[in-house]
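The values are calculated or read from the model by the stated rules, or taken from the named source; none is laboratory data. Predicted model only: the values in this text are computed from it and were never measured. FYI the Cβ positions are ideal-geometry reconstructions off the backbone, even for glycines, and counts take in every protein chain you see.
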Amino acid sequence: MVISQDALGAFMILNNADQEQFAHWLTQCVKDMANTLGEKFKHTNIQMKLKKLHVNPQNELFTKLIGCGNQCPFCKAPCEAGGRFHTEHWTSLHRPEGLGRFRWRETQKLVIDVCSSSVLSDKNFRCNATNGEWHPYKRYTDFFPDWENAPDASLQASDYWKYVLKKFNKRFAEAYDAKPADILSLWHISLEQAKASIKESF
């Protein structure tokens, strides 16, 4: 390949350039550009610019942060997959299922179990999707194929959700036309522990 002497000349000059002088002028040019852009934006109505965009920035940001709006079919925790364009929903922080209106058949008490352990169990569930028929948790994907509910018996609800259910147990029961959950004695969680749980999770 042949490179003309003229084309090579511009690069050869840089080889012999004073690095400090080059850095000085590069910095000066960047400052000048920043000042020019700053002046331009001072006289630009940002609100008008935002209105002319083909997307609504608030909605885009909301969708990215909040997700698709889908909820776990059992505990109603929001999907964490982010955005709208995904085929599988999931959440890393499941809640006690009672917060999703689930109750025990025999006692009508709100359920304190977490979905990720329920899908490992031999227990059954029923809901609108099953037309009120009992169905094994292990086969929840028959009705919710787009939800990934990773089976893990070691997972528990976060201290925050335990605190919420314990503190408002009677209110949830009244709102859901159920009986209050049997709260485990281990669920002695302070407000500070609940707050720490949120910070740890997010």
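Residues that are at pLDDT 80 or above, among the aromatic types (Phe, Trp, Tyr) and more than 23 Å from Asn149 (Cβ to Cβ) are absent from the stretch 32-49.
I'm checking my understanding of the structure. Among residues of the stretch 170-190 that are of a type in the set (A, V, I, L, M, F, W, C) and modelled with pLDDT of 90 or more, which one is farthest from Glu97 (Cα to Cα)? Full working, then the answer.
If we filter the stretch 170-190 for residues that are of a type in the set (A, V, I, L, M, F, W, C), which is where we start, we get 172-173, 175, 178, 181, 183-184, 186-187, 189.
Keeping just the survivors that are modelled with pLDDT of 90 or more gives 172-173, 175, 178, 181.
Working: Phe172: 12, Ala173: 12, Ala175: 15, Ala178: 13, Ala181: 10 Å.
Across the stretch 170-190, the extreme among qualifying residues is Ala175.
Residues checked against (1) buried (at least 19 other Cβ atoms within 10 Å of the Cβ); (2) under 17 Å from the mean Cα position of the chain (by Cα); (3) more than 20 Å from Ala181 (Cα to Cα):
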{"position": "Asn70", "(1), (2), (3)": "no, yes, yes"}
{"position": "Cys75", "(1), (2), (3)": "yes, yes, no"}
{"position": "Glu88", "(1), (2), (3)": "no, yes, yes"}
{"position": "Gln108", "(1), (2), (3)": "no, no, no"}
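Criterion applied to Ala129, Ala81 was being surrounded by 15 or more Cβ atoms within 10 Å (Cβ to Cβ), assigned by TED's automatic domain parsing to the domain that holds Lys170 and of a type in the set (A, V, I, L, M, F, W, C), and the one residue passing it is Ala81. Would you confirm whether or not the stretch 145-152 contains a residue that is under 20 Å from Gly98 (Cβ atoms), surrounded by 14 or more Cβ atoms within 10 Å (Cβ to Cβ) and in contact with a Cys (Cβ under 7 Å, 6 or more places away or on another chain)? The answer is yes, given that some residue of the stretch 145-152 is under 20 Å from Gly98 (Cβ atoms), surrounded by 14 or more Cβ atoms within 10 Å (Cβ to Cβ) and in contact with a Cys (Cβ under 7 Å, 6 or more places away or on another chain). Restricting the stretch 95-106 to residues that are more than 15 Å from Pro180 (Cβ to Cβ) and within 26 Å of the chain's Cα centre (by Cα), which is surrounded by the fewest Cβ atoms within 10 Å (Cβ to Cβ)? Only one residue fits best here, namely Gly100.
When you scan the stretch 72-111, how many residues do you find that are outside any loop (DSSP other than H, G, I, E, B), under 27 Å from Lys166 (Cβ atoms) and touching a residue at least 24 places away in the same chain (Cβ under 8 Å)? Write out each step before concluding.
Kept after step one, since they are outside any loop (DSSP other than H, G, I, E, B), are these residues of the stretch 72-111: 78, 89, 96-100, 103, 109-110.
If we keep only those that are under 27 Å from Lys166 (Cβ atoms) too, we end up with 78, 96-100, 103, 109-110.
Checking the rest, the ones that are also touching a residue at least 24 places away in the same chain (Cβ under 8 Å) come to 96, 98-100, 103, 109-110.
Here the count works out to 7.
Taking the listed residues Ser116, Ser92, the one that is modelled with pLDDT under 90 and surrounded by 12 or more Cβ atoms within 10 Å (Cβ to Cβ) is Ser116, with no other qualifying.
Taking the stretch 112-187 as the region of interest, none of the helices (runs of 4 or more DSSP H) fully inside it holds 3 or more residues being in contact with a strand residue (DSSP E or B) (Cβ under 6 Å, 6 or more places away or on another chain), of a type in the set (Lys, Arg) and within 16 Å of Arg95 (Cα to Cα).
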